[in-house]
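Below is one structure; the comments refer to it alone.
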Amino acid sequence: MSSFTVAYTVLIGGGIIALYVLARKIAQPRPASRTEDAQQPRGVRLLQVYPTTGEDAETDVDIIAIHGLDTKSPDTWEWKSKEEQTSVNWLADPLMLPSRVGQARIFMCDWPSDLFEHSDYSQKTIGDFARLLLAGIRGRPRAEKRPILFIASCLGGILLMKALVDASEEYVAVRRATRGIVFLATPFRGTSFSDVADWAEPSLRAWAFIQNRNVSKLLQIVKATTDLQELVRSFTALCSEERLIDCVATFYETRTSSLPRKVIPWLPTLLSHPKLLVDKDSATLDIVQNPLLLNRPHVQMNKFSGPKDADYEVLIEKIVSIISKIRMINADAYLKSRYYEPGSLMIKQLSGKLLPMEQCYINLTMVDTGSTSGQGDVSLSSQGSPANRLKIKTPKDNLLFELSALFKQRQGSNGKSIEPRRILIRGHAGVGKSTLCKKIVHDFVHGDVWKDKFVRILWLPLQRLKTEPKDGYNLKDLLSRVFFSQSPKREDFAKELWEAMEKAEYKDTVFVLDGLDEVSEVFDEGHLMFKFLQFLLKLPVVIVTSRPHMSLPQGLKSFDLELEIIGFLQDQVEAYVDKAFTSFNVNTPTRNQAQEVQSFFEQYQFLQDLMRIPILLEALCFIWDGRRHNSSSETSLKTMTAVYQAITESLWKKDVLKLEKKDRNSLIIHKNVKNSKMERIEKIVPDEVYYLERLAFSGLVEDTIEFGLKEQEAISSQITFPEQTLEKLSFVQTSDSSSEPSSKDRSYHFLHLTFQEYFAACHFVRQWKAGKSRQFVFPGKEERSCTPVIFLQSHKYDARFDIFWRFVAGLLNTKDGEATRTLFKTIEANPRDLLGPVHQRLVMNCISEIPRNEESRFSAERESLEKQISSWVLFECRFTNESQFVHKMELPASVLCKAIESASSESRIILFKSLYGRPVIPSEVIRLAMRWLEGNVARDLKLAVIDMVGRLHGTLDDEVLRAIAAWLNDKDSIVRYKAITTLSKQPRLSGELLEVIIAILNNGDWNDRWKVLDILGKQSQLSDKALKAIIVQLGDKKKWAVRCIAIETLKKQSQFSDEVLEVIITRLDDKDLSVREAAIEILGEQSQFSDKALEAIIVQFNNKDSNVRKVAIKTLGKQSQLNDEILKAIIARFDDEDLSVREVAIEILGKHAQFSDKALEAIIARLGDKELRVRYKAFEALEKQSQLSDETLEAIIVQLGDEDSSVREVAIRILGKQPQLNDETFKAIITRLDDKDSRVQKAAFKTLKKQSQLSDKVLEAIIARLDNKNSSDRRTVLYILGNQSQLSNKALKAIITRLDDKNSRVQYVANEPGSLVGEWPILCNHRARWVQVYITSILS
């Protein structure tokens, strides 16, 4: 006899003796002092041990300790010294846990864990205990959304898992508040003494019975059951879902325990049988990569002697680490709720409405770092021209960059692969830098981008650094001062976040450093902020935004990736215009109105340029109020100045209401200013208008675009301007939207640089009108004064003032033209540009802002100035062989026409070629150019004109197209080719032009014919004459390309007349295979055929080429109805020598609902085809038939023995769809349960399982399989039997034999019919018979 057996024999004997003694003792009368309250079951209560109740302490985390089975708090957490008779509770001792967790509350959770429950109460399941636990935790004081760290001992951990997994909507807040868990020796896979529980449980039940009690069902938890396994799996999934994995810790014991000695303390070591009660394997979760050990037995896993206890130090360090992570998560959560909620990240539109980030467009393009070397332009002076200023360009597709791909691996400048981490993004004001920053934050916080790489994102407007902190610059102070300034836990949050980032070496945080150009003054090494800015810029993961003109600080590490924000693409412009009217609440917001606006904008190139800038497009849409599209309004918006006047007028009307201005002591409302002109609005907001004008002008003079407190005060010192007024104006934006509106540190910039230039021009014009020779003061670094004339003479050639002077000219334009005359006389006066082009460009730009008016006094001067510009253009052609002026959209059409008319033949060619690069060519110039397409014109001139017109976008008028078409028969092949190429770019041509083009198909030059066919292919509908001409090209024997494009052109046509179809049919016998196939394919797309067409296609069934035969069958197969003749022809192809033809013929026939007997016979014959693919297609065809004859079924049954498993599978599927099958068929299917292929087995199982009334013979064959060695087969048989409506006694007895099956899953199916209501509805209905047979079998 082994020592183990002896031990358990002694234990059992001792247990019986103990029970006897206990019974005698318990049987004695109970003391009268025993109260009813002692009989009441314990509830769940939370005892706060730190800080003590009543202390008004600010706390941020709750620590809740949950004890295990058959114990209570605080006893289970106390270390009791035998020598000194003292106890230490590490949860409450001031020198232990409370001293290490800072502002945390500590609770001990006491729950009814008694091993014995009073028999007067119903027994609780683990689910009941879990709900009690949840209710107790939820009811703790000041719970709110306070995060929880649980410390769970032994079986308390199992209970906690159950509670969190099962938390219903009522208790889901507890689950969401759970941010960390420490498990102390929790038996996730059962205890090592689960076998003891099996024999000890009867003794415990006897003991409980004597005491009028029940053994708690929680005892079952110690066993490694499937329920426990499922709970652990669910909890693991929950941890992953709630992102708890990093904050879960498990501890396991390393010293053994002896349960026998708990019963018999004096038991010798030989018989004590010590074990680890919860070993490492059981105490560890798969999701915890590094479980920790404590050098103590199970009973001491939650008790520690003092702060220097070595095991306590291991445990407390882990708890502190998790608390730190929780606080870091709290800090991140605060950032998200305070700054990064979707509402906070919306874009505020000019209308005042908020635009969701999902509707924002951001376009990024790669920057050639080799050419820039990471350095931008040093000032605004290089941005002079509108094209450069507005950055209007359409990048190549390969340079466009997806925002989500910022950190994806790519090739670096050195040719090596890198994952970019340091990124510089440049962009002009108004192009969307602020929107980009919000988009980056939004997509990370609320989307799925980059979360696999980084933990958090911090958006820092660098402008916030300008306020010097008391203790110097450092990251911890920055976090506290900028991000957590409004939180009472600002210092704690800053500390936890800073320490976490530093521990990760800042590699898990994306720093978005917004507006590097706004802190350029600190680039000096002597500046206090310089070193800290360097520290930020050198962080491992940064996205830096800046305006293009900004030079980077010296010594800065190069960026991995440089990008530029560009304007909208054309399709984005159209999409925005479509949505704009709903956003701005325009009357009758329809698609037609959006198209009307789009059409109006497209009339003017400068408007098309403005529309590509997001903020300007928004402004342009905002001013369109339903009346802007009438003729008078179109006239008023023909210049850039007029557009900005309209925008500012509309925005001032909106701002008047925001500023709460009054008129005669009454608050102004919308209807008071709805129809007001700018003159009246200026009287309402004179100080605000004048302030913006002076601010803009001083900035332009000082080359400043960002206005901080210093610049603002310089202007407000001279004007009455209330604080926080800038915040209410639509024309400026803050660079730091995250700061408070009342903050004096806020800096501002104009919506776009052009708005600053416009307001600056308004200020200058105001001074000009006050007196050209009167001195005026303009503020800046040094106050200066001069007359407007002197200022013009000093700055008229300064590229930085280019758009400024345009606005000045437009603003000075009046009906009489007198002010305009004076302006241009001043411009023409000395000093003058010695070489000439700069001066002529200035004059040209200013004239472009003045609409032509023959009644104006400026009319004569305008004529003279335009003639002067025209002469310069011709001079440029003669001396440089090109004209830069012609490229400029500002060059008036009248000047260009004058230059072309007076130019020599050579200069005229240069002018036309120079127009190639111009986006839009005025219609007057195009009509004039048509003169040189008539008569005997020099070849080069002719080609220059055709090339110029051919490069135009959009639809040309018929007059121009006819002029070009006249050269289609020119003797010069290049002229013909150029003319055809130009016409091919037109989406639609008139019938007259098509007639001319079709005639070219008779030309012998294949290049011409190829191009003509390309033109015809773009037309939506062609005449029969055109189609016949194309069909003729199918016979081109020399040029394969001509035949191909002719075929493709014909395929694009949807309908053909009978006459044309007959011509196509003649091509069915063409020697060229591709022509024959195309002809058949074209015919196959037709909805109806003439008899002649059908006959011609059927003839191709016998074509020598198998591809033609196959295409012909497919073509007729597309018809909805097949007559007998067609069916007969298709069936004949079942015997085709080519495998693919046979396959296609069967497939086509199988698509039709019902077969004739002959068709069915032909398909059945193919079941025995040598080729597997043909056999399979035949089966697929039969599968679509609703009912098959016995003869057909017999043929299918034979194929159950086919060598290919896919054939066997489809054969069973077909049989399973039949309404009735005989016994022989079922038996044949039963044999397939042993098939080598699992798919065939599954098909057989499904077919048999859905049969509810199998005959006794068939059932006998099935029952016989219950003796199969494979447990899966036995289980399958039980499922099939379970679906029968009636079962014989023999069948029931066979099921009963499986109650003792060696396989537990088979036992489960046989033993628990009541649990399979969904699977065994009939057996459950006959449960009484099942039980009767079961009892009979036992008795026998």
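The values are calculated or read from the model by the stated rules, or taken from the named source; none is laboratory data. Predicted model only: the values in this text are computed from it and were never measured. As a convention, Cβ positions derive from the backbone with ideal geometry for all residues, glycine included, and neighbour counts pool all protein chains shown. SASA here: full protein model, heavy atoms, side chains in, ligands and nucleic acids out. Shrake-Rupley method; radii C 1.70, N 1.55, O 1.52, S 1.80 Å.
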task = Tell me which of these Lys898 doesn't satisfy, since it passes every other one: (1) in contact (Cβ under 8 Å) with a residue 24 or more places away in the chain; (2) more than 23 Å from Met930 (Cα to Cα); (3) not small (Gly, Ala, Ser).
result = (2)
Residue satisfying condition, being open to solvent by less than 20 Å² (accessible area, probe 1.4 Å), of a type in the set (A, V, I, L, M) and either more than 20 Å from Leu69 (Cα to Cα) or at pLDDT 75 or above (or both), within set Leu285, Leu218, Leu271, Leu276 = Leu285
task = Identify the single condition in (1) surrounded by fewer than 15 Cβ atoms within 10 Å (Cβ to Cβ); (2) of a type outside the set (D, E, K, R); (3) not in a helix (DSSP H, G or I) that Phe535 does not satisfy, given that it satisfies every other one.
result = (3)
task = Go through the stretch 839-858 residue by residue and tally those that are in a helix (DSSP H, G or I) and within 17 Å of Gly810 (Cβ to Cβ).
result = 7
key: Near pairs, Cβ below 6 angstrom, 6+ apart or cross-chain, from the stretch 667-684 (closer than 15 Å to Ser650 by Cβ) to any residue that is modelled with pLDDT of 85 or more   = Val673/Lys653; Val673/Val656; Met678/Glu649; Ile681/Trp652; Glu682/Val689; Ile684/Val656; Ile684/Lys661
ask   = Which members of the stretch 1223-1245 meet the condition of being over 20 Å from Ile1263 (Cβ atoms) and open to solvent by 10 Å² or more (accessible area, probe 1.4 Å)?
value = Lys1236, Asp1237, Ser1238, Arg1239, Lys1242, Ala1243
inquiry  = List pairs: first residue in the stretch 466-486 and closer than 20 Å to Glu521 by Cβ, second residue surrounded by 16 or more Cβ atoms within 10 Å (Cβ to Cβ) and among the β-branched types (Val, Ile, Thr) anywhere in the structure, Cβ distance under 9 angstrom, at least six positions apart or on different chains.
reply    = Lys466/Val519; Lys466/Val522
request  = Collect the residues in the stretch 456-473 that are at pLDDT 90 or above and open to solvent by 20 Å² or more (accessible area, probe 1.4 Å), keeping them in residue-number order.
outcome  = Trp459
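Condition check ((1) over 26 Å from Val960 (Cα atoms); (2) at pLDDT 70 or above; (3) crowded, with 21+ Cβ neighbours inside 10 Å) across all residues:
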position	(1), (2), (3)
Ile974	no, yes, no
Pro987	no, yes, no
Ala999	no, yes, no
Trp1010	no, no, no
Gln1033	yes, yes, yes
Lys1037	yes, no, no
Ala1046	yes, yes, yes
Lys1052	yes, yes, no
key: Filter result (part of a helix (DSSP H, G or I) and open to solvent by less than 60 Å² (accessible area, probe 1.4 Å)) within the stretch 1204-1222   = Ser1205, Ser1206, Val1207, Arg1208, Glu1209, Val1210, Ala1211, Ile1212, Ile1214, Leu1215, Gly1216
query = Quick one: is Ile980 among the aliphatic types (A, V, I, L, M), more than 23 Å from Ser1074 (Cα to Cα) and modelled with pLDDT of 75 or more?
reply = yes
query = Do we have any residue at all in the stretch 930-937 that's part of a helix (DSSP H, G or I) and at pLDDT 85 or above?
reply = no
Matching entry among Glu170, Glu117, Glu83, Glu78 (being within 39 Å of the chain's Cα centre (by Cα), of a type in the set (Asp, Glu) and surrounded by fewer than 20 Cβ atoms within 10 Å (Cβ to Cβ)) = Glu170
ask   = How many residues are open to solvent by 30 Å² or more (accessible area, probe 1.4 Å), over 17 Å from Gln103 (Cβ atoms) and either β-branched (Val, Ile, Thr) or outside any helix (DSSP H, G or I) (or both) when one looks only at the stretch 314-346?
value = 6
ask   = Of the residues Ser487, Ser480, which single one is among the small types (Gly, Ala, Ser) and either assigned to a strand (DSSP E or B) or crowded, with 19+ Cβ neighbours inside 10 Å (or both)?
value = Ser480
ask   = Looking at the stretch 654-663, is at least one residue over 40 Å from the mean Cα position of the chain (by Cα), at pLDDT below 90 and closer than 25 Å to Gly810 by Cβ?
value = no
ask   = Can you name every residue in the stretch 791-837 that is at pLDDT below 90 and touching a Ser or Thr at 6+ places or on another chain (Cβ under 6 Å)?
value = Ala799, Arg800, Gly817
key: Residue check for Glu861: surrounded by fewer than 21 Cβ atoms within 10 Å (Cβ to Cβ), modelled with pLDDT of 90 or more, over 49 Å from the mean Cα position of the chain (by Cα) and among the charged types (D, E, K, R)   = yes
request  = Give the residue, chosen from Lys1104, Lys1092, that is over 17 Å from Gln1021 (Cβ atoms), free of Cβ contacts under 8 Å to residues at least 12 places away in the same chain and either open to solvent by 30 Å² or more (accessible area, probe 1.4 Å) or part of a helix (DSSP H, G or I) (or both).
outcome  = Lys1104
ask   = Within the stretch 591-609, is even one residue open to solvent by less than 10 Å² (accessible area, probe 1.4 Å), under 22 Å from Thr435 (Cα atoms) and modelled with pLDDT under 80?
value = no
message = Scan the stretch 509-526 and tell me whether some residue there is more than 30 Å from His752 (Cβ to Cβ) and either under 31 Å from the mean Cα position of the chain (by Cα) or modelled with pLDDT of 85 or more (or both).
response = yes
query = Only one of (1) more than 18 Å from Phe559 (Cα to Cα); (2) touching a residue at least 24 places away in the same chain (Cβ under 8 Å) is not met by Arg426, so which one is it?
reply = (1)
ask   = Of all residues in the stretch 824-838, how many are in contact with a helix residue (DSSP H, G or I) (Cβ under 7 Å, 6 or more places away or on another chain), part of a loop (DSSP other than H, G, I, E, B) and either open to solvent by 20 Å² or more (accessible area, probe 1.4 Å) or β-branched (Val, Ile, Thr) (or both)?
value = 3
request  = Taking the residues in the stretch 1188-1203 that are within 23 Å of Asp1273 (Cβ to Cβ) and surrounded by 13 or more Cβ atoms within 10 Å (Cβ to Cβ) as candidates, determine which candidate is farthest from the chain's Cα centre (by Cα).
outcome  = Ile1197
